[in-house]
Amino acid sequence: MHSITSAFQPDASGTAPKQQGGSIPNLKLSDGNEIPMLGYGLGTANFKRGGDTAFNQQIVDHTVAAIKAGYYHLDGAEAYGNEQELGAAIKAAGVPRSKLFVTTKTSCRAGETIETAFSRSLAKLGLDYVDLYLIHQPYFAKTPADHQSKWAEMEAIKDSGRARSIGVSNYLQSDLEPILTTARLPPVVNQIEYHPYLQHGDLVAFHRQHGIAIEAYAPLTAITKAAPGPCDAVYERLAKKYGVSEGEIALRWCLDQGIVALTTSGNEQRLQGYLAKLPAFHLTPKEVEEVAEAGREKHFRGFWLGKFAADDRR
Ligand SMILES: NC(=O)c1ccc[n+]([C@@H]2O[C@H](COP(=O)([O-])OP(=O)(O)OC[C@H]3O[C@@H](n4cnc5c(N)ncnc54)[C@H](O)[C@@H]3O)[C@@H](O)[C@H]2O)c1
Ligand SMILES: OCCc1c[nH]c2ccccc12
């Protein structure tokens with residue numbers, strides 16, 4: 001992994017060396033590590049429904065196809081129930097471990113240490129390290145001290161070398177602040193739902209101030225679950241201009257803001273299309289703002305409904 005885009009700057013160079021099949025660049029994290037800016041998620045198309053523990057070869061096959069297509073950033077979680085399949089796919093795909101960027105997440109189950117959860121995840125993955133370990137959600141914490149003590153456990157995992165980077169997911173500013181007050185090793189990533197209909201007010205600016213990279217999950221929401229909407233006409237115009245799909249405009253909108261995009265699909269052609277098309281164009285800053293402006297006319301959240309405070313609508 002060598003191509004680097006400056007942290008939080010739109011990828012404007014267009015000269016990044018190749019990685020993962022095309023030239024999707026890496027983003028430099030505040031701990032000095034790099035993350036490929038396009039990731040393949042195992043949490044939506046390929047997760048297992050509650051209580052299903054049987055090994056699922058189809059998940060392995062889809063994931064091997066994604067890796068072989070060039071998706072080297074793989075986003076997993078213990079909650080998805082498919083870490084064994086992710087590990088099997090990594091072995092079967094034949095891509096050297098050093099070229100892959102593997103994330104998993106802890107659910108912070110009550111009464112369990114991070115060390116216990118992390119060791120179980122590594123064993124299921126069949127790996128001796130992950131590139132990124134995240135706290136999946138902040139809802140386990142009842143007090144600022146809960147956030148701080150859990151984060152200290154995460155720091156111990158990073159200290160051990162078995163997670164190269166550590167971060168959080170679904171955190172708002174009020175969840176991050178107590179951690180930033182006491183952290184020895186601040187979170188380098190927050191993975192959040194992010195698309196034009198969920199821009200989170202000044203949360204993105206807060207991340208930039210604190211050097212925390214954003215990973216956008218559900219980046220296609222405006223053309224999938226939340227369609228139709230005010231972004232449709234802008235996406236359509238830009239897709240025509242650049243000769244790409246609306247989905248590619250939606251992903252580029254994240255990348256051009258210096259935001260990592262996590263997507264998924266069981267459709268290999270679609271996945272290959274992203275890697276072929278995304279490196280070939282950029283949105284101008286004006287176009288990024290046009291999408292943002294249209295998006296601010298609608299609010300939509302697809303995940304963790306009911307968990308967020310009312311001010312999430314900002
Ligand atoms: N941390 C979290 O709480 C959290 C929550 C949700 C997702 N995630 C991660 O992010 C990953 C990606 O999330 P996502 O699946 O919501 O991302 P996404 O917005 O990219 O949606 C992908 C889905 O859209 C479908 N799709 C793509 N193009 C389409 C089109 N033109 N028309 C209709 N459907 C189309 C795909 O088939 C796929 O099912 C997940 O797999 C998971 O790893 C994390
Ligand atoms: O991270 C995606 C949302 C999510 C949280 N817990 C899960 C369990 C199974 C599938 C998706 C999820």
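The values are calculated or read from the model by the stated rules, or taken from the named source; none is laboratory data. Just so it is clear, the model here is predicted, and its values are computed rather than measured. With ideal geometry, Cβ positions are generated from the backbone for all residues, glycine too; neighbour counts draw on all protein chains shown. All accessible areas refer to the heavy atoms of the entire protein, side chains included, with ligands and DNA or RNA removed. Shrake-Rupley method; radii C 1.70, N 1.55, O 1.52, S 1.80 Å.
Is it the case, given these coordinates, that Ala233 is aliphatic (A, V, I, L, M), surrounded by fewer than 15 Cβ atoms within 10 Å (Cβ to Cβ) and modelled with pLDDT under 95?
For Ala233, the condition - aliphatic (A, V, I, L, M), surrounded by fewer than 15 Cβ atoms within 10 Å (Cβ to Cβ) and modelled with pLDDT under 95 - is not met.
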request  = Taking Lys142 as the residue in question, decide whether it is crowded, with 19+ Cβ neighbours inside 10 Å and basic (Lys, Arg).
outcome  = no
key: Exclusive hit being touching a Gly at 6+ places or on another chain (Cβ under 8 Å), outside any loop (DSSP other than H, G, I, E, B) and not hydroxyl-bearing (Ser, Thr, Tyr), set Arg270, Arg252   = Arg270
note = Among the residues of the stretch 26-58, the number that are touching a Phe, Trp or Tyr at 6+ places or on another chain (Cβ under 8 Å) and over 25 Å from Arg252 (Cβ atoms) is 2
task = Inspect all residues belonging to the stretch 196-206 and state whether any of them is more than 15 Å from ligand 1 (Cβ to nearest atom) and aromatic (Phe, Trp, Tyr).
result = yes
task = Considering only the stretch 105-130, state which residues are at negative phi, away from ligand 2 (no atom under 14 Å from the Cβ), open to solvent by 10 Å² or more (accessible area, probe 1.4 Å) and in contact (Cβ under 8 Å) with a residue 24 or more places away in the chain.
result = Ala110, Thr113, Glu115, Arg120, Leu122, Lys124, Leu127, Asp128, Tyr129
In the stretch 66-90, the residues that are in a helix (DSSP H, G or I), open to solvent by 20 Å² or more (accessible area, probe 1.4 Å) and under 20 Å from Pro36 (Cα atoms) = Lys68, Ala69
key: Filter result for the condition that a residue is in contact (Cβ under 8 Å) with a residue 24 or more places away in the chain and not in a helix (DSSP H, G or I), over Leu275, Leu305, Leu238, Leu262   = Leu262
query = Quick check: anything in the stretch 183-205 over 26 Å from Lys28 (Cβ atoms), of a type in the set (Gly, Ala, Ser) and part of a helix (DSSP H, G or I)?
reply = no
note = Within the stretch 51-63, the count of residues that are open to solvent by 20 Å² or more (accessible area, probe 1.4 Å) and in a helix (DSSP H, G or I) comes to 4
remark   = Checking Ala261, Ala276 in turn, the sole residue that is open to solvent by 60 Å² or more (accessible area, probe 1.4 Å), small (Gly, Ala, Ser) and closer than 18 Å to Ser23 by Cβ turns out to be Ala276
message = So, Glu297, is that one surrounded by fewer than 19 Cβ atoms within 10 Å (Cβ to Cβ), part of a loop (DSSP other than H, G, I, E, B) and away from ligand 2 (no atom under 16 Å from the Cβ) or not?
response = yes
query = Quick one: would you say Gly211 is at pLDDT 95 or above, closer than 30 Å to Arg252 by Cα, open to solvent by 10 Å² or more (accessible area, probe 1.4 Å) and away from ligand 2 (no atom under 16 Å from the Cβ)?
reply = yes
